[in-house]
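The values are calculated or read from the model by the stated rules, or taken from the named source; none is laboratory data. Bear in mind the structure is a predicted one, so any value in this text is a computation, not a measurement. All Cβ positions, glycine included, derive from the backbone under ideal geometry; neighbour counts span all protein chains shown.
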């Protein structure tokens, strides 16, 4: 798993995933990657089967996204989907999150354009496996994921589902 580990502690499969999918900023695409890693088999050039549990898949996707968002310079008060301010969204709930040694009050809003839910302050860069775990459709592989996996030398095991 990537979470909390140094890059040299990652499996070759995780290193390849981290390098290839380091650009998945949109929540829907990150969820697609999570689904494609859950309980599926990815066969590498040597014939080795690579697979992950739901939790491991969530950890890997969260770590990839955390690395991405730490390096992005984004206005955290703008919705990543419609670029409207948070006040333009439907209030869902509030909760506390921990970032480092600080506990921060957050409020969850729903983007009226994408129907996706987000927290403010923006949690991007502080995700964990629970942000993806049980998203639904686990084991289904979107075409764009399969194409990118082929590009880095991994074939979907014949018995697994394509979206």
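Just a few scattered comments:
- For the range 137-159, a residue qualifies if it is assigned to a strand (DSSP E or B) and within 14 Å of residue 37 (Cβ to Cβ), and the qualifying residues are 140, 141, 156.
- Filter result for residue 18 (within 20 Å of residue 133 (Cα to Cα), modelled with pLDDT under 65 and surrounded by 14 or more Cβ atoms within 10 Å (Cβ to Cβ)): no
- Qualifying residue in the range 65-73 (condition: within 17 Å of residue 135 (Cβ to Cβ), in contact with a helix residue (DSSP H, G or I) (Cβ under 7 Å, 6 or more places away or on another chain) and either outside the structural domain of residue 159 (by TED's automatic domain parsing) or modelled with pLDDT of 65 or more (or both)): yes
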